[in-house]
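Notes follow once the structure below has been shown.
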Amino acid sequence: MSTVPVYRWRLAPDGLATKRQLRALGLRPGGQDVAAQVERPRRRREPLVAYLYRVEQAKPVRPMTPAKWAALAKANAARRVCPECRRDAGYVIPPTLGMCTPCAFPEEQRAA
Ligand SMILES: [Zn+2]
């Protein structure tokens, strides 16, 4: 287990923020590891610990709405339609071919 720097409460360097602070900025940690932690001493109890993340590595919060999912599905469906024969190839048309395989290799399809 790797150790992260521990700072006193309110003494953490700039550029680090807790999840809650990131959220207030419209950001999320975005899969990054904990960069540091701050400890708030409490009398006769374990210190209160908060984990800090790098603000520069944080990603914007972008919740997927049903409309966004629909738009994504539509975009994916469009990418499966062969521009040559206009049929749904059933897979995304490879950009290197620019068309479905029966259109790209008609000879091989007939031989098969
Ligand atoms: Zn085709």
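Across the chain, the longest piece that holds none of the trypsin sites (Lys or Arg not before Pro) lying in DSSP loops with up to 10 other C-beta atoms within 10 Å covers 45-85. Per-residue Karplus couplings for segment 79-89, computed as 6.51 cos²θ - 1.76 cosθ + 1.60 with θ equal to phi - 60°, are listed in order as 6, 8, 7, 6, x, 7, 9, 6, 9, 6, 5 Hz, Gly and Pro entered as x. With both labels modelled 7 Å from their Cα along Cα-to-Cβ, the Asp33 to Val4 distance reads 1.0 nm. When you restrict to C-alpha pairs under 8 Å that are six or more residues apart and normalise by the size of the chain, the relative contact order lands at 19 percent. In plain terms, the C-alpha convex hull of the chain casts an average shadow of 13.1 nm² when viewed from every direction. In terms of its Cα atoms, segment 6-60 spans 39, 17, 16 Å along the principal axes, sorted from long to short.
At an R0 of 25 angstrom, the distance between the Cβ atoms of Glu108 and Arg80 translates into a FRET efficiency of 0.75.
With 0.36 nm allotted per residue and the present C-alpha distance subtracted, the Arg23-Arg43 stretch has 4.2 nm of extension available.
Laboratory data are not the source of any read-out in this text; all were calculated from the coordinates shown. This is a predicted model, so every value here is computed, not measured. So basically every Cβ, Gly included, is an ideal-geometry build from the backbone, and we count neighbours across all protein chains shown.
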